Amino acid sequence: MQFATWLEQRMGWRSTKQAWGLAPAHQGWWLLGLSQEASRLMGVHTVQFLSGELEDDDQLGVSHGLRQSGAIRGAFQGRHRVSMGLAMDQVVGGVLAIPVGLGSADCEAEVQLEAARSLDLEPQDISFDWEMTPLSAGAAEQQLRWVACTKGSIERFNQCVRRAGWQLASVEPEVQAAQRAASCLCGGLSVLLTRPVQDWQFDLALLPGTDVLDTALRSPLNLDPALQEALQSPAGPRLVAAGLALKAWT
């Protein structure tokens, strides 16, 4: 099953008025919520550091923090949906050469086997996502880009979110989410240093219409230097969380 769209129910998301992202950070997670401020502008309505482990359900655990944030926003149980980020050391990826004309099911099987070999796991124990690059004229093969993680990581996320009374909307590599946020951050990445998080705004008109796995496959050291610096700054996890929330509008 493709992990970037795992449990994602896309109907109704284009009319979404608020969304949430949860990004990994040192000794905890950053929760960031976005809501619509104008026809195409999204602003930050919540930014909160949730310390502790995903498995803990006490007052120091992530589930408790999610539950409290959901109560403050006043939605019914189960109405809040959150996208979560995977740290890059939990993600593997690569590129496969696929014969032109190979069916989608066969492509998926190839990815599953290759990802299982990379993670040294059985095929049923992984979750993955993939996309095909555009076909060149006269080419006999296409490039297929893929990313994967353990299925246990996804289930760990899902259990934490369910304990809080929320729903897991999607999971994706943190670098991919950061690129999404950076692409439509009003004022550019310099605002990470000049404005508090609560004043960040994101222009949906600049939001990429599709997710490109090429970003997810890159090492943080191979990113645009400005984005690389942003990810390494204290604001990095919050930028990731914003990008995860913005997935609701892609």
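For segment 112-124, a residue qualifies if it is surrounded by 12 or more Cβ atoms within 10 Å (Cβ to Cβ) and assigned to a loop (DSSP other than H, G, I, E, B), and exactly one does: Leu121.
Pick out the one residue from Ala109, Ala115 that is free of Cβ contacts under 8 Å to residues at least 24 places away in the same chain and within 24 Å of the chain's Cα centre (by Cα).
Ala109
Determine whether segment 137-159 contains at least one residue that is in a loop (DSSP other than H, G, I, E, B), free of Cβ contacts under 8 Å to residues at least 24 places away in the same chain and over 30 Å from Asp57 (Cα atoms). So far as segment 137-159 goes, yes, one or more of its residues are in a loop (DSSP other than H, G, I, E, B), free of Cβ contacts under 8 Å to residues at least 24 places away in the same chain and over 30 Å from Asp57 (Cα atoms).
Among the candidates Ala164, Ala182, Ala241, single out the residue that is of a type in the set (A, V, I, L, M), modelled with pLDDT of 95 or more and closer than 21 Å to Gly65 by Cα.
Details: Ala164 fails: modelled with pLDDT of 95 or more; Ala182 fails: closer than 21 Å to Gly65 by Cα.
The match here is Ala241.
The number of residues in segment 40-68 being at pLDDT below 85 and buried (at least 18 other Cβ atoms within 10 Å of the Cβ) comes to 2.
Can you pull out the residues in segment 39-58 that are in contact (Cβ under 8 Å) with a residue 60 or more places away in the chain and assigned to a strand (DSSP E or B)? Spell out how you get there, then give the answer.
We begin by selecting, within segment 39-58, every residue in contact (Cβ under 8 Å) with a residue 60 or more places away in the chain; these are 40-44, 47, 54-55, 57.
Selection gives Leu41, Met42, Gly43, Val44, Val47.
Of Asp129, Asp89, Asp125, all but one fail to be under 30 Å from Arg163 (Cα atoms), of a type in the set (D, E, K, R), in contact with a Lys or Arg (Cβ under 7 Å, 6 or more places away or on another chain) and at pLDDT 85 or above; the exception is Asp125.
Only one entry in Ala109, Ala97 is farther than 27 Å from Ala23 by Cβ, at pLDDT 90 or above and either assigned to a strand (DSSP E or B) or among the acidic types (Asp, Glu) (or both), namely Ala97. The sole residue among Ser104, Ser127 that is buried (at least 16 other Cβ atoms within 10 Å of the Cβ), among the hydroxyl-bearing types (Ser, Thr, Tyr) and not assigned by TED's automatic domain parsing to the domain that holds Ser69 is Ser127. When Gln228, Gln201 are checked against the criterion of being surrounded by 16 or more Cβ atoms within 10 Å (Cβ to Cβ), farther than 24 Å from Leu144 by Cβ and at pLDDT below 95, Gln228 stands alone in meeting it.
The values are calculated or read from the model by the stated rules, or taken from the named source; none is laboratory data. Computed from a prediction, not measured in an experiment: that's the story for all the values here. Note that we place each Cβ from the backbone using ideal geometry, even for glycine, and neighbour counts take in every protein chain shown.
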